[in-house]
Amino acid sequence: QLAESGGGLVQAGDSLRLSCTASGGAFSAYAVGWFRQTPGKERECVAVINWAGDNRYYADSVKGRFTIHRDNAEKTVILQMISLKPGDTADYYCASPKVSYLFTIRTESYALWGQGTQVTVSS
């Protein structure tokens, strides 16, 4: 299981730190992705970190503002978000792929999802 935390209501320019914590399973063998979704839109991949923590992907819309890192010993992946914009408002989900050691940004490749945490950025 994956569980997200850290969402909330902030003002534009503020920072937030989202956490994704795993329970059970071989966490260290799987990439973890952060996705976000707003009503009526498809789920968007914003950041992915590979199993070892030495390869990362960021969507263009968040590059330079979001940072993803992981602690396999703690079974946690952090999404640090700075300089937040109203356009970052969404429900944020962490997920891991179906296949171990797979590094992908394709939503359909992800099988295990958290329940989501809401981020609202006011202008």
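The values are calculated or read from the model by the stated rules, or taken from the named source; none is laboratory data. Please read all numbers here as calculations on a predicted model, not as lab measurements. Backbone-built Cβ (ideal geometry, glycine too); neighbour counts: all protein chains shown. Only protein heavy atoms, including side chains, enter the accessible area calculation; ligands, DNA and RNA are left aside. Shrake-Rupley method; radii C 1.70, N 1.55, O 1.52, S 1.80 Å.
Here's the list of lysines a cross-link from K75 could span, going by alpha-carbon distance under 29 Å and ignoring same-chain residues fewer than 8 apart: K63, K85, K98. Each Cα pair under 8 Å and six or more residues apart adds its sequence gap; the mean of these over the residue count of the chain is a relative contact order of 36 percent. Give a residue-ordered list of calculated ³J(HN,Hα) values for segment 24-40 (Karplus: 6.51 cos²θ - 1.76 cosθ + 1.60, θ = phi - 60°; whole Hz; x for Gly, Pro). Whole-Hz 3J(HN,Hα) from phi for segment 24-40: x, x, 8, 3, 5, 9, 10, 5, 10, x, 10, 10, 9, 8, 10, x, x.
Grab the beta carbon distance between Y101 and Q37, set R0 = 22 Å, and tell me the FRET efficiency rounded to 0.05. Write down the numbers at each step before the final one.
Details: r = 26 Å, r/R0 = 1.18.
Approximately 0.25, to the nearest 0.05.
Hey, how many Å between the Cα centroid of segment 82-123 and the Cα centroid of segment 1-77? The two parts, judged by their Cα centres, are 6 Å apart.
For the chain, C45 stand unpaired, since no other cysteine beta carbon lies under 4.7 Å from theirs. Between the listed residues Y58, A22, A111, the Cα displaced farthest toward the positive end of the dipole of the chain, a dipole computed from Cβ unit charges relative to the Cα centre, is found at Y58. Loop exposure criterion: GluC sites (Glu not before Pro), DSSP state outside H, G, I, E and B, at most 16 other Cβ atoms within 10 Å. Applied to the chain, the longest stretch between such sites is 75-123.
Computed over every Cα-Cα pair of the chain and binned at 5 Å starting from 0, the pair-distance distribution P(r) comes out as 2, 13, 24, 27, 19, 10, 5, 1, 0 percent. Sequence-ordered 3J(HN,Hα) estimates for segment 104-113 from the Karplus curve with 6.51, -1.76 and 1.60 and θ = phi - 60° stand at 8, 10, 6, 4, 5, 7, 9, 10, 10, 10 Hz, glycine and proline given as x. Computed over protein heavy atoms with a 1.4 Å probe, the accessible surface of the chain works out to 50 Å² per residue.
Computed from backbone phi with θ = phi - 60° and the Karplus coefficients 6.51, -1.76 and 1.60, the 3J(HN,Hα) list for segment 9-16 is 9, 9, 9, 4, x, 6, 10, 9 Hz; x is used for glycine and proline.
Which of A22, A111, A90 moves the most in a Gaussian network model of the chain with Cα springs under 10 Å? So, out of A22, A111, A90, the one fluctuating most is A111.
Length available on full extension from S123 to S61: 0.36 nm per residue minus the Cα-Cα distance, which gives 20.6 nm.
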